[in-house]
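The values are calculated or read from the model by the stated rules, or taken from the named source; none is laboratory data. Because the structure is a prediction, the values reported are computed rather than measured. In this analysis, Cβ positions are derived from the backbone assuming ideal geometry, glycine residues included, and neighbour counts consider all displayed protein chains. For accessibility, only protein heavy atoms count, side chains too; no ligands or nucleic acids. Shrake-Rupley method; radii C 1.70, N 1.55, O 1.52, S 1.80 Å.
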Amino acid sequence: MDPWLIWLIIAAVLAVAEIFTLTAALGMLSAAALVTSGAAAGGLPVGLQLLVYALVATGTLLFVRPLALRHMVQPQTARFGTDALIGKPAYVLSDVTGTGGRVRIDGEEWTARSYDETLVIETGRTVDVIEISGATALVYPRD
């Protein structure tokens, strides 16, 4: 079997293994094997093929992999759904206690409870949404 074909098979096996592990390391080794396959097809002796593989694998693992990992693990930039309401101001429509009340958040009316169950928040005050539990906003007064 030709050496370039062996390197190509190694590259394919490493690429499939990368799909299952998602570490980015096996993908870099697969790319190095693919480059080495091209070098082998060009007629490079086996000793130099191993050197090409070692150099390309080291280069990709040291320089390309950290970049790839940084792009794979990016924080979520926007919050959606009820998560987007946390931290927003709300207007108290009816007294909010530890057991119930009503607030307006971004133009929508929500049931609400005081985050501190001992507090009674009067109508007309502005509060901050601390948490959303089901369809109820847990709020705390602004001071």
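Working from label points 7 Å from Cα in the Cα-to-Cβ sense, the Val64 to Thr99 distance is 6.6 nm. Between the helical axis of 46-59 and the longest alpha-carbon principal axis of the chain there is an angle of about 20 degrees.
Under a 5 Å amide H cut-off, with hydrogens placed 1.01 Å from N, Gly101 pairs with Ala112 among residues at least 5 apart or on other chains. Each residue, Thr82 and Asp106, gets one label point 7 Å from its Cα in the Cβ direction; the gap between the two is 1.4 nm. Between the Cα long axis of helix 25-41 and the first principal axis of the chain there is an angle of about 30°, rounded to the nearest 10. In a simple Cβ point-charge model (Lys, Arg +1; Asp, Glu -1; nothing else charged), the chain has a dipole of about 440 debye relative to its Cα centre.
Apolar share of the accessible surface for the chain: 65 percent from carbon plus sulfur atoms, 1.4 Å probe.
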